[in-house]
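*Asks:* Attaching a single structure in structure tokens format; questions to follow.
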Amino acid sequence: MKIQGIFLNILKLCIVLVFNWSCKTTGNSTKGNEIGSALEKPVLVDQKPYKNSATKFHNLIHTRLEVSFDWANRKLMGEAEITLKPHSKPTNQLFLDAKGMDIKEVKIIKGVTKAEVAYTYRNDSICITLDKFYTNRDTFKIYVDYIANPETLPKGGSAAITSDKGLYFINHDNSDQTKPQQIWTQGETQSSSVWFPTLDRPNQKTTQEIYITVDTSFVTLSNGLLISSIVNASTGSRTDYWKQEYPHAPYLFMMAIGKFAVVKDTWRNKEVSYYVDPEYEPYAREIFDHTPEMLEFFSKQLGVEYAWEKYAQVIVKDYVSGAMENTSATIFGDFVQKDSRELLDGNNDDIVSHELYHHWFGDLVTCESWSNLLLNESFATYAEYLWFEYKEGRDQADYAGQNDLNSYLREAKNKQVDLIRFDYQKQEDMFDNHTYAKGGRVLHMLRKYCGDESFFRSLKLYLDRNRFKSAEIHDLRLAFEEVTGEDLNWFFNQWFLDKGHPSLVINYLFDEVNSKQLVTIEQTQNLETTPLYKIPVDVDVYADQGVQRERITISKQKETFSFDVTSKPQLVNFDAQKMILGTKIDNHSDNEWMYLFTHGPLYLDRYEPLFKFSKPYLAGSPESELFKKALSDPFWNIRLFAVKNCNPLLKTANSEIKQIVMALASNDPDPSVREEALVALSDNFKNDDEVRKIIKNAINDSSYMVMGTAIMLTVEDDKNEGLKIVKAFENDNNKNVTEIVADTYTAYGSDEQYDFMTNALRNAKGVRKYSAVRGYGKFLLRCKPPVSTQGLDNIAEIGKNYPSWVVRLAATQSLSEIAKSYGKKSAGTEDVPANQVLKDREEIENGNVRKRADDLLTQIKSAEKDERLIKIYGQ
């Protein structure tokens, strides 16, 4: 499962706003040359009850389902035939997970007949008394006739997976003409048992057959291959028969039903298909660009061919997470659905590679318990690095790795837990930046320690040995030990089975008398809560005779290493592979930092010196030359960082630098660099006709991101002229253009734009809805009180009825801000007209807006049933 970036950013913003409601926070600053700094003392998570792997009383063997749907009441009518065998001891009892179901009939199948069995149904479990004792040499088959009722379940979910009701009817009554009717499932973590009875545990595996009966206008997708599709003449429906020959975990079962366009590719004679909204059919191959190439790359790199019968990718509406690696049929939220122009601002390679790699790590070999989730998610996260390294080069891969490290370090300020942990409160708690980001970086360190050949041979052994089975962390360790011949408990214990990370301080000293370069490394992390790490690391010594690489092993709290040299080195590059997971204070001299920028081979060798000198530097200084060179660096993020920090150069009115930045604004191949160059020019050259022309030309840029920034800068420069340009785009039906116009009116609009903003709010979908609600609230603050009052009901409607709790929270946040702002106005804390009559009238109108916003907030909060929001509102 991939937790989508935009979605996570929204959730982080929600959390920030919630805390702003309830408590004061203090800011922090990064000081000196600390890279990847986590300054606050971490809060260690309280111990919770031990979560063991699920005990196996029975093993699933095969699951056969027949399903149809009651759209009006959002129910599934199902019949299940489940083949099982006792795992160890003889037994005459069976417990099946079945959440929120109406159980009509339970029988045991004997050949072609079905016999009654006694059963009880309570606490979301069917307890069945079998007809006799069965041993682990016997198999038996249970039949269940049932109705699934996902809408009756208590609302649940987490930050990673916002709902856990398993089966979702989208636009079930076809009342929303802007949204297609769809049905889709989400099984992880343990929600497949909402729509079929099973043993809903990750350490179970079963083959499957599903017969899906739908109206003939719908397309279906499920695991495995479509064996047949038969029209039922008597009902006008159609039954699609999907079959998967290979076993997988129940949480990976899936269905998707809708009026999709299907575009097909192939890879090694297997079907590769893309299910998208019909209007995106022309872009389907671009949306899932490189999928066949990824299949080939991962199969070859791992030495294990993609195992499943096909590979399909489907985009659905109102998805509850980022994406989900259902075996042979991955589901994505509709944020990945983009046209060619949108894809210029960023493709989907990260999330596509992540979900595909799960088909080895997660589907082929599955974590035996959620405590071992990193065996799924850490590998899928690292797959993004591997793909970028292959397709776009080491710089792009290291940039992705840097983002993962920073994601983990941000979380580690307030939370430090073991990667493999048995003390979580809920299994969804495992879906965090420890499991994803930290786990991916730990695998990178393991790769750099073992070397590529041993690393990938070990992965192949792990996959071959546990093929179609579940595994735990020690299975991975044993595979690596067999390949490398080394006891690796030290590595697994400190990185996988303990919490925290090293904080390193590195100092350098040249011993001229003895011709030795000394490097002293101190581990400064709190050793009461964090291990003293053993860290094998490469050190590059740059001397007259060339670059000499030495591997050292740090194992003490403070130790000094010496290197024989003939003269003082120009540079000692500690952690030459830039692979250590942790923080560091690297006490290079300024000359050494500049040497690293010009001679280091890696992206981080260039980024770290720029980071060191960015706060601040003086034009004309040696450091300023680094930023000038960085403006023409081959890697886009180095150019971007240089542009963001080029103000000292531009403020000198240096025409050469100005020309370089103007060229970047017009011609850089990366849209983020073009966008930032526009901002830099606007900040430093007000009333400059040459710059104005470049910004105005950028309104027609191929990138929506650049276009939006150019429009905003134009309005900032000349509001009246800029708003005329914006108004010309109001009738553009493209959702990206609508969003750009709405963003501009959020900052600069007035009553005149009320109708446009209201329509934009109503039409915003998916992750765009959150930003639309927040922007609409800010826009109303720019309007006169009567118009603001009119708009409050539009926000309140979303706060009461919108399906996503995150968007409902955005609505209450907006209403709260409006009430607070108008409360200040009515109290006279802002400028008021000199005329007393106008002043009194305005105070009354402001008070009315505040009262209406407060009343609506009270209504929304009192009607809310989601436990997360109830908890937030109670703070």
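The values are calculated or read from the model by the stated rules, or taken from the named source; none is laboratory data. Keep in mind that this is a model prediction, so the values were computed, not measured. Cβ placement follows ideal geometry from the backbone for every residue including glycine, while neighbour counts extend to all protein chains displayed. Quick note on the areas: whole protein, heavy atoms, side chains included, nothing else; ligands and nucleic acids left out. Shrake-Rupley method; radii C 1.70, N 1.55, O 1.52, S 1.80 Å.
*Asks:* Largest first and in whole Å, give the semi-axes of the chain's equivalent ellipsoid, each being the square root of 5 times a Cα gyration tensor eigenvalue.
*Replies:* Over the Cα atoms of the chain, the ellipsoid semi-axes are 46, 41, 26 Å.
*Asks:* Step through the residues of segment 240-246 one at a time and calculate ³J(HN,Hα) from phi using the Karplus curve (6.51 cos²θ - 1.76 cosθ + 1.60, θ = phi - 60°), rounding each to whole Hz and writing x for Gly and Pro.
*Replies:* 9, 10, 10, 9, 10, 7, 9
*Asks:* Ordered by residue, what ³J(HN,Hα) values in Hz, to whole numbers, does segment 59-69 give under the Karplus form 6.51 cos²θ - 1.76 cosθ + 1.60, where θ = phi - 60° and Gly and Pro are x?
*Replies:* Each residue's phi maps through the Karplus curve to give 10, 5, 10, 8, 10, 10, 10, 10, 10, 9, 9 Hz.
*Asks:* Give me the tail of P(r) for segment 122-239 as a percent: Cα-Cα pairs with distance above 26 Å.
*Replies:* 36
*Asks:* What ranking do 122-130, 393-401 get when scored by the average of other Cβ atoms within 10 Å per residue, highest first? Mind dumping the intermediate values first?
*Replies:* Values: 122-130: 14.8, 393-401: 20.2.
My ranking of the peptides, most packed first, is 393-401, 122-130.
*Asks:* Treating only the Cβ of Lys, Arg, Asp and Glu as charged (+1, +1, -1, -1), what charge dipole size does segment 51-153 show about its Cα centre? Round to the nearest 20 debye. Let's see the in-between values first.
*Replies:* Working: 16 positive and 13 negative charges, 102 e Å.
The calculated dipole for segment 51-153 is roughly 500 debye.
*Asks:* Keeping all protein chains in position, work out how much accessible area ARG467 exposes to a 1.4 Å probe, and write it in Å² to the nearest 10.
*Replies:* 90
*Asks:* Among ASN403, PHE456, LEU476, whose Cα sits farthest toward the positive end of the charge dipole of segment 383-502 (+1 at Cβ of Lys/Arg, -1 at Cβ of Asp/Glu, about the Cα centre)?
*Replies:* Selected residue: ASN403.
*Asks:* Among DSSP beta bridges lying fully in the chain, give the percent that are antiparallel, nearest 5.
*Replies:* 80
*Asks:* How far is the Cα center of segment 281-315 from the Cα center of segment 162-187, in Å?
*Replies:* For segment 281-315 versus segment 162-187, the Cα centre distance is 26 Å.
*Asks:* Shifting gears a bit: P(r) tail for segment 333-485, what percent of Cα pairs lie past 24 Å?
*Replies:* Every Cα pair in segment 333-485 considered, those over 24 Å come to 35 percent.
*Asks:* Given H placed 1.01 Å from N in the peptide plane, which residues other than close sequence neighbours of MET255 have an amide H under 5 Å from its amide H?
*Replies:* So MET255 has HN proximity to THR185.
*Asks:* Okay, next question. Using Cα centres only, tell me the gap between segment 702-752 and segment 111-130 in whole Å.
*Replies:* Value for the Cα centre distance between the two parts: 63 Å.
*Asks:* Just add up the charged neighbours of LYS75: K/R +1, D/E -1, any other residue whose Cβ is under 11 Å from the Cβ of LYS75.
*Replies:* Once positives and negatives cancel, what remains is -2.
*Asks:* Please report, to one decimal in angstroms, the Kirkwood hydrodynamic radius of segment 409-480 built from all distinct Cα-Cα pairs.
*Replies:* One over the average 1/r among Cα pairs gives 13.8 Å for segment 409-480.
*Asks:* Separate question: Near ASP755, within a Cβ-to-Cβ distance under 12 Å, what is the net charge of the other residues, with Lys and Arg +1 and Asp and Glu -1? Walk me through the numbers on the way to the answer.
*Replies:* Details: positive: ARG762; negative: GLU730, ASP751, GLU752.
Local net charge: -2.
*Asks:* Considering only Cα-Cα distances, which of the following residue pairs are longer than 22 Å: LYS165/LYS778; LYS568/LYS628; LYS104/LYS205; LYS85/LYS205; LYS114/LYS469; LYS338/LYS724?
*Replies:* Listed pairs above 22 Å: LYS165/LYS778; LYS568/LYS628; LYS104/LYS205; LYS114/LYS469; LYS338/LYS724.
*Asks:* Check SER804: other-chain or 5+ apart residues with amide H under 5 Å from its amide H, H built from backbone geometry?
*Replies:* none
*Asks:* May I pose another question? Among residues other than GLN93 whose Cβ falls under 15 Å from its Cβ, what is the net charge (Lys/Arg +1, Asp/Glu -1)? Can you show the working numbers first?
*Replies:* On the way: positive: LYS56, LYS85, LYS89, ARG122, LYS132; negative: ASP97, ASP131, ASP138.
It works out to a net charge of +2.
*Asks:* Using the heavy atoms of the protein chains alone and a 1.4 angstrom probe, what is the accessible area of the chain per residue in square angstrom? It would help to have the intermediate numbers written out before the result.
*Replies:* Numbers: 36250 Å² over 875 residues.
It amounts to 41 Å² per residue over the chain.
*Asks:* Quick query: amide H of ASP363 versus all other amide H atoms, modeled in the peptide plane; which residues come in under 5 Å with a sequence gap of 5 or more or a different chain?
*Replies:* none
*Asks:* Go through LEU375, GLN416, PHE431 and say which Cα lies farthest out towards the positive end of the charge dipole of segment 365-439; charges sit on Cβ, +1 for Lys and Arg, -1 for Asp and Glu.
*Replies:* GLN416
*Asks:* Could the peptides 629-639, 329-339 be put in order, highest first, of the mean number of other beta-carbon atoms found within 10 Å of their residues?
*Replies:* By packing density, highest mean first, the sequence is 329-339, 629-639.
*Asks:* Across segment 102-109, in residue order, what do the Karplus-derived ³J(HN,Hα) couplings come to in whole Hz, using 6.51 cos²θ - 1.76 cosθ + 1.60 with θ = phi - 60° and x for Gly and Pro?
*Replies:* So the Karplus estimates, Gly and Pro as x, are 9, 8, 8, 6, 10, 9, 9, 8 Hz.
*Asks:* Follow-up. Using unit Cβ charges (K, R positive; D, E negative) and no other charged atoms, how large, in debye to the nearest 20, is the dipole of segment 426-494 about its Cα centre?
*Replies:* For this selection, approximately 200 debye.
*Asks:* For segment 540-635, just say rounded, prolate or oblate: build the C-alpha gyration tensor, square-root its eigenvalues into a ≥ b ≥ c, call rounded for a/c under 1.5, and beyond that prolate if a/b exceeds b/c, oblate if not.
*Replies:* Cα axes put segment 540-635 in the prolate bin.
*Asks:* Assigning unit charges at the beta carbon (Lys, Arg +1; Asp, Glu -1) and nothing else, what dipole magnitude in debye, to the nearest 20, does the chain show about its Cα centre?
*Replies:* Charge dipole, the chain, about its Cα centre: 1960 debye, nearest 20.
*Asks:* What number, in nm² with one decimal, is the all-direction average of the projected area of the convex hull of the alpha-carbon atoms of segment 581-663?
*Replies:* 5.7
*Asks:* Separate question: Quick one: Cα centre-to-centre distance for segment 462-493 and segment 527-578, in angstrom?
*Replies:* 29
*Asks:* Follow-up. First compute the accessible area of the chain with a 1.4 Å probe, then give the percent of it belonging to carbon and sulfur atoms. Mind showing how you got there, number by number?
*Replies:* Working: 17560 of 36250 Å².
Heavy-atom surface of the chain belonging to carbon and sulfur, 1.4 Å probe: 48 percent.
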